[in-house]
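First up is the structure itself, then whatever we jot down about it.
The values are calculated or read from the model by the stated rules, or taken from the named source; none is laboratory data. All figures in this text were calculated on a predicted structure; none of them were measured in a lab. Cβ placement follows ideal geometry from the backbone for every residue including glycine, while neighbour counts extend to all protein chains displayed. Please note that ligands, DNA and RNA were not included when accessible areas were found on the heavy atoms of the full protein model with its side chains. Shrake-Rupley method; radii C 1.70, N 1.55, O 1.52, S 1.80 Å.
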Amino acid sequence: MSVRDIIGPIEGQMQKTLEKMKGDFSTLRTGRASSALLENLRVDYYGTLTPINQLANVSTPEARTLEIRAWDKGAVQSIEKAIQKSDLGLNPSNDGTVIRLQIPKLTEERRKDLIRVVRKMSEEYRVSVRNERRDGLEKLKKSEKAKEITEDDLKSAEQEIQKMTDLFIKKVDEMLAGKERDIMEV
């Protein structure tokens, strides 16, 4: 087993962590309409919990409006009920074919709550990146003990993993700063 065989998967895992963070951040409401708000919403469609994007087209015609056009007119009521039951805090208006959601402006208190949530989430992702580093270092040390890599290879690989970790933690912090700006934007 070479150093590359150990470092490559670590970088891939760190990248997946960033992608997951990006996805989780996109589902947080910032006062602007985004179809990602409804990404995790499941609708009871003929007895089966179905993702909303498999039942309808979700668009953002205006900055604070989401428009949901169900492909099956029979699903409109189910979609409306799912939105009302969700923790999104949105009131759908239904004209029989299209459901419209008005995204209200965030209050100052709600913005501060969201920032706390975002900071907590980003700390969890930092921990996840550090755990990937720890796992990689353990694999390197096992390989060195098994005489698969040299001590010099171990030291250089440890430095490379640390640089990679620092880079990904910096990316997490940049994403956090961007999300905080989005939340505080009035």
Of the candidates 174, 138, 148, 180, the one satisfying the condition of being open to solvent by 80 Å² or more (accessible area, probe 1.4 Å), under 30 Å from residue 63 (Cβ atoms) and not basic (Lys, Arg) is 174
For the structure I just gave you, tell me whether residue 118 is more than 30 Å from residue 172 (Cα to Cα) and either out of contact with any helix residue (DSSP H, G or I) (no Cβ under 6 Å at 6 or more places or on another chain) or part of a helix (DSSP H, G or I) (or both).
no
Taking region 25-52 and keeping residues assigned to a helix (DSSP H, G or I), surrounded by fewer than 17 Cβ atoms within 10 Å (Cβ to Cβ) and either at pLDDT 80 or above or in contact with an Asp or Glu (Cβ under 8 Å, 6 or more places away or on another chain) (or both) leaves 26
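Just wondering, is there one or more residues in region 65-82 that are closer than 28 Å to residue 178 by Cβ, of a type outside the set (Phe, Trp, Tyr) and either open to solvent by 80 Å² or more (accessible area, probe 1.4 Å) or modelled with pLDDT under 85 (or both)? Before the answer, list the steps.
So the first thing to find is which residues in region 65-82 are closer than 28 Å to residue 178 by Cβ, and the list is 65-68.
In the following step, the residues that additionally are of a type outside the set (Phe, Trp, Tyr) were identified as 65-68.
Now narrow it down to the ones that are either open to solvent by 80 Å² or more (accessible area, probe 1.4 Å) or modelled with pLDDT under 85 (or both): none.
So far as region 65-82 goes, no, none of its residues is closer than 28 Å to residue 178 by Cβ, of a type outside the set (Phe, Trp, Tyr) and either open to solvent by 80 Å² or more (accessible area, probe 1.4 Å) or modelled with pLDDT under 85 (or both).
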Out of curiosity, is residue 10 under 24 Å from the mean Cα position of the chain (by Cα), within 30 Å of residue 141 (Cα to Cα), crowded, with 16+ Cβ neighbours inside 10 Å and not charged (D, E, K, R)?
yes
Suppose we keep only residues that are under 29 Å from residue 185 (Cα atoms) and out of contact with any Leu (no Cβ under 8 Å at 6 or more places or on another chain) within region 53-64. Which one would you say is modelled with the highest pLDDT?
57
So how many residues does region 157-171 have that are more than 25 Å from residue 25 (Cβ to Cβ) and open to solvent by less than 60 Å² (accessible area, probe 1.4 Å)?
3
Please work out which residue is nearest to the chain's Cα centre (by Cα), limiting yourself to region 146-181 and to residues that are closer than 17 Å to residue 12 by Cβ and of a type in the set (A, V, I, L, M).
172
Quick check, is residue 154 modelled with pLDDT under 90, part of a helix (DSSP H, G or I) and either open to solvent by 50 Å² or more (accessible area, probe 1.4 Å) or closer than 20 Å to residue 131 by Cα (or both)?
yes
Filter result (small (Gly, Ala, Ser) and assigned to a strand (DSSP E or B)) within region 63-80:
70
Of those in region 86-96 that are in contact (Cβ under 8 Å) with a residue 12 or more places away in the chain and over 22 Å from the mean Cα position of the chain (by Cα), the residue surrounded by the most Cβ atoms within 10 Å (Cβ to Cβ) is 92
What is the one condition in (1) surrounded by 15 or more Cβ atoms within 10 Å (Cβ to Cβ); (2) in contact (Cβ under 8 Å) with a residue 12 or more places away in the chain that residue 110 does not satisfy?
(2)
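Just checking, which of 83, 149, 99 is in contact with a Pro (Cβ under 8 Å, 6 or more places away or on another chain), in contact (Cβ under 8 Å) with a residue 24 or more places away in the chain and not in a strand (DSSP E or B)?
Numbers: 149 fails: in contact with a Pro (Cβ under 8 Å, 6 or more places away or on another chain); 99 fails: not in a strand (DSSP E or B).
On inspection, the qualifying residue turns out to be 83.
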